[in-house]
Amino acid sequence: MLRLPQHEGATASAATVFPVTADTDSTEDGLAEAFRAVTRRLRHRTGEALAPWDVTPGQSRALGVLIRHGALRLSALAEHLRIAPRSATEVVDDLETRGLVRRRPDPADRRATLVAPTEEGTRAGAAIHAARRAAAEELFGRLAPTDREQLARILRTLRD
């Protein structure tokens, strides 16, 4: 049986955790659940699409950023990916192990390191990008172009 943590003086019941009142609008709950379901479906399809390269979605995003922007410091890569610098280091470590990126000294500051895609990384990155686009198209292709544009605008608003 699942036990929920209890706080002193608190009692938990479905009615107190998820109160239903005349003011409750189930639209928010339905919207949140629909968003989670679409996110799960997109993650699943993306994972399947990336399987041939044995990279994670985060690694594929990092490789894409490096291909688009060229050599970057780890801190700049982390900013592009909106992740912590330590997480960017782990992503780059994994990509470097696979031979998809390489580190080199920054000519502007010998203390700093730049990360750049290798030739193999650039080739793999192009194929990965195409596979990710195909997975997204499989999901979003059912929407009319105007609906896709509106959804993209809404998601950018929520992201920022």
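FYI, it's all coordinate maths here, none of it is from the lab. Computed from a predicted structure; not experimentally measured. With ideal geometry, Cβ positions are generated from the backbone for all residues, glycine too; neighbour counts draw on all protein chains shown.
Figures for the structure shown
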{"item": "Enumeration of residues in region 124-157 that are free of Cβ contacts under 8 Å to residues at least 12 places away in the same chain and closer than 30 Å to L95 by Cβ", "result": "A130, R133, E137, F140, G141, A152, L155, R156"}
{"item": "Subset of region 91-148 (residues that are exposed (fewer than 11 other Cβ atoms within 10 Å of the Cβ) and more than 18 Å from A51 (Cα to Cα))", "result": "R104, P107, A108, D109, R110, R111, E119, G141, R142, A144, P145, T146"}
{"item": "Filter pass, R142 being among the basic types (K, R) and assigned to a helix (DSSP H, G or I)", "result": "no"}
{"item": "Per-region count, region 58-86, residues touching a residue at least 24 places away in the same chain (Cβ under 8 Å) and loosely packed, with under 15 Cβ neighbours inside 10 Å", "result": "1"}
{"item": "For R45: the one exception among (1) farther than 26 Å from A134 by Cα; (2) touching a residue at least 24 places away in the same chain (Cβ under 8 Å)", "result": "(1)"}
